[in-house]
Amino acid sequence: VQLQASGGGLVQAGGSLRLSCVASGRTFSSHVMGWFRQAPGKEREFVAAIRWGTGRTFYADSVKGRFTISRDNAENTVYLQMNSLKPEDTAVYYCARNNRGDGWAYDSQYIYWGQGTQVTVSS
């Protein structure tokens, strides 16, 4: 399984970006797709996740109300729409897949990881 993330870039505070993550092979209803981020000098942290079958979503408190995770079953793609971006959102963003579907908030629960895409928010 390969995950290909894209869509990062440089944006001013208050702006928006949409990240995409395409998964090779089929994603099953029991899978969970997630987004994590890692800022320089910090640990990787959970951002958002979506249960593939039901579409149920989960968010970190820091992005709730600003970010939206969604999926396109036909394209096997998960998206992260990021609005009202803040400088503290600056990080490398990673998509990941949890094949066991046993949770969403911890990176240890995810088996497959994309290569990361840089998001930089200027003040």
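Annotation: of all residues in region 57-72 being polar (S, T, N, Q) and in a strand (DSSP E or B), the one that is farthest from L17 (Cα to Cα) is T57. Within region 83-96, the set of residues being over 10 Å from the mean Cα position of the chain (by Cα) and in a strand (DSSP E or B) comprises A91, V92. Residues in region 81-98 that are touching a Gly at 6+ places or on another chain (Cβ under 8 Å), closer than 14 Å to F67 by Cβ and aliphatic (A, V, I, L, M): L85 only.
Which numbered condition in (1) out of contact with any Leu (no Cβ under 9 Å at 6 or more places or on another chain); (2) surrounded by 14 or more Cβ atoms within 10 Å (Cβ to Cβ) is the only one that T68 fails? Exception for T68: condition (1).
Could you name every one of the strands (runs of 3 or more DSSP E) located completely within region 1-51 that has at least 2 residues being more than 24 Å from Y106 (Cβ to Cβ) and open to solvent by 10 Å² or more (accessible area, probe 1.4 Å)?
Hits in region 1-51: 9-12, 17-23.
Looking at this structure, is T54 over 11 Å from the mean Cα position of the chain (by Cα), surrounded by 17 or more Cβ atoms within 10 Å (Cβ to Cβ), of a type outside the set (A, V, I, L, M) and assigned to a loop (DSSP other than H, G, I, E, B)? Working first, answer last.
Numbers: over 11 Å from the mean Cα position of the chain (by Cα): yes; surrounded by 17 or more Cβ atoms within 10 Å (Cβ to Cβ): no; of a type outside the set (A, V, I, L, M): yes; assigned to a loop (DSSP other than H, G, I, E, B): yes.
Considered against the rule, which asks whether it is over 11 Å from the mean Cα position of the chain (by Cα), surrounded by 17 or more Cβ atoms within 10 Å (Cβ to Cβ), of a type outside the set (A, V, I, L, M) and assigned to a loop (DSSP other than H, G, I, E, B), T54 comes out as no.
Under 7 Å between Cβ atoms, which residue pairs at least 6 apart in sequence (or on different chains) link something in region 74-97 that is under 15 Å from S123 (Cα atoms) and hydroxyl-bearing (S, T, Y) with a partner that is open to solvent by 40 Å² or more (accessible area, probe 1.4 Å) and at pLDDT 95 or above? Every condition considered, the pairs that remain are S84/G14; T90/T120. It is to be established whether one or more residues within region 4-25 are charged (D, E, K, R) and modelled with pLDDT under 95. No, the conditions are met nowhere in region 4-25. For residues that are hydroxyl-bearing (S, T, Y) and within 14 Å of G7 (Cβ to Cβ), scanning just region 81-97, find the one that is least open to solvent (accessible area, probe 1.4 Å). Among them, the one singled out is Y93. Do we have any residue at all in region 73-80 that's open to solvent by less than 20 Å² (accessible area, probe 1.4 Å), in a strand (DSSP E or B) and touching a Phe, Trp or Tyr at 6+ places or on another chain (Cβ under 6 Å)? Yes, there is a match, as at least one residue in region 73-80 is open to solvent by less than 20 Å² (accessible area, probe 1.4 Å), in a strand (DSSP E or B) and touching a Phe, Trp or Tyr at 6+ places or on another chain (Cβ under 6 Å).
Criterion first (open to solvent by 10 Å² or more (accessible area, probe 1.4 Å), within 12 Å of M33 (Cα to Cα) and part of a strand (DSSP E or B)) does R100 satisfy it? Considered against the rule, which asks whether it is open to solvent by 10 Å² or more (accessible area, probe 1.4 Å), within 12 Å of M33 (Cα to Cα) and part of a strand (DSSP E or B), R100 comes out as no.
The values are calculated or read from the model by the stated rules, or taken from the named source; none is laboratory data. All values reported here derive from a predicted model rather than from experimental measurement. Neighbour counts run over all protein chains shown; Cβ positions are idealised from the backbone, glycine included. Quick note on the areas: whole protein, heavy atoms, side chains included, nothing else; ligands and nucleic acids left out. Shrake-Rupley method; radii C 1.70, N 1.55, O 1.52, S 1.80 Å.
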